[in-house]
Amino acid sequence: MIEVQDVRLDPVARRVWRGSEELVLARKEFDLLHALMEQAGSIVTRDDLMRDVWRTTFWTSSKTIDVHLGWLRRKLGDDSQHPRLITTIRGQGLRFEAVDPTL
C-alpha cells in the first residue's frame, strides 16, 4: 500500500482511495497515479511517464499526459488551478506532493 497525503493506492489490487472514498480509475489513470505516488516529493519527467506508463519511448501525442492528468485530477478532486496533490513543474515534469503545500 502506498499512502501519500490522504490518498491510498494498492498496487496489487489496483484500487485507490481519497480519504474514505474509493475512486474508480481507468487503467492508464491508475498507472499514472502509481508512477507519481511511487516517487512522491520528486519530479517525474514526461519522458519517464511515457516510458513507464505508456511503455513507449516516443511521443504518440503531446497532449496524452495532459489529458489523462486532467481526468485523474478531476477524480481526485484536485483543483488544476491550485493543485494540492499533483503539481506541474514547468519544463521539468510532474510531482505528487508528499505533503499538502497549503499547510
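The values are calculated or read from the model by the stated rules, or taken from the named source; none is laboratory data. Owing to the predicted nature of the structure, the values given are computational and were not obtained by experimental measurement. Glycine gets a Cβ as well: all are built from the backbone with ideal geometry, and neighbour counts include every protein chain shown.
Below is a table of values for the structure above.
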quantity: TRP59 vs. criteria farther than 19 Å from GLU3 by Cβ, at pLDDT 95 or above, out of contact with any strand residue (DSSP E or B) (no Cβ under 7 Å at 6 or more places or on another chain) and surrounded by 12 or more Cβ atoms within 10 Å (Cβ to Cβ); calculated: no
quantity: Considering residues of region 76-90 that are in contact with a helix residue (DSSP H, G or I) (Cβ under 7 Å, 6 or more places away or on another chain) and at pLDDT 95 or above only, the residue surrounded by the most Cβ atoms within 10 Å (Cβ to Cβ); calculated: LEU85
quantity: Residue count for region 35-44, restricted to those that are surrounded by fewer than 19 Cβ atoms within 10 Å (Cβ to Cβ) and under 18 Å from VAL67 (Cβ atoms); calculated: 1
quantity: Filter result (in contact (Cβ under 8 Å) with a residue 60 or more places away in the chain and in contact with a Lys or Arg (Cβ under 7 Å, 6 or more places away or on another chain)) within region 89-103; calculated: GLU97, ASP100
quantity: In region 87-103, the residues that are of a type outside the set (A, V, I, L, M) and either in a strand (DSSP E or B) or under 11 Å from the mean Cα position of the chain (by Cα) (or both); calculated: THR87, THR88, GLY93, ARG95, PHE96, GLU97
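Here's the yes/no breakdown for (1) touching a residue at least 24 places away in the same chain (Cβ under 8 Å); (2) in contact with an Asp or Glu (Cβ under 7 Å, 6 or more places away or on another chain):
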{"site": "MET1", "(1), (2)": "no, yes"}
{"site": "ASP6", "(1), (2)": "no, no"}
{"site": "ALA26", "(1), (2)": "yes, no"}
{"site": "THR45", "(1), (2)": "yes, no"}
{"site": "GLN81", "(1), (2)": "no, no"}
{"site": "THR87", "(1), (2)": "no, yes"}
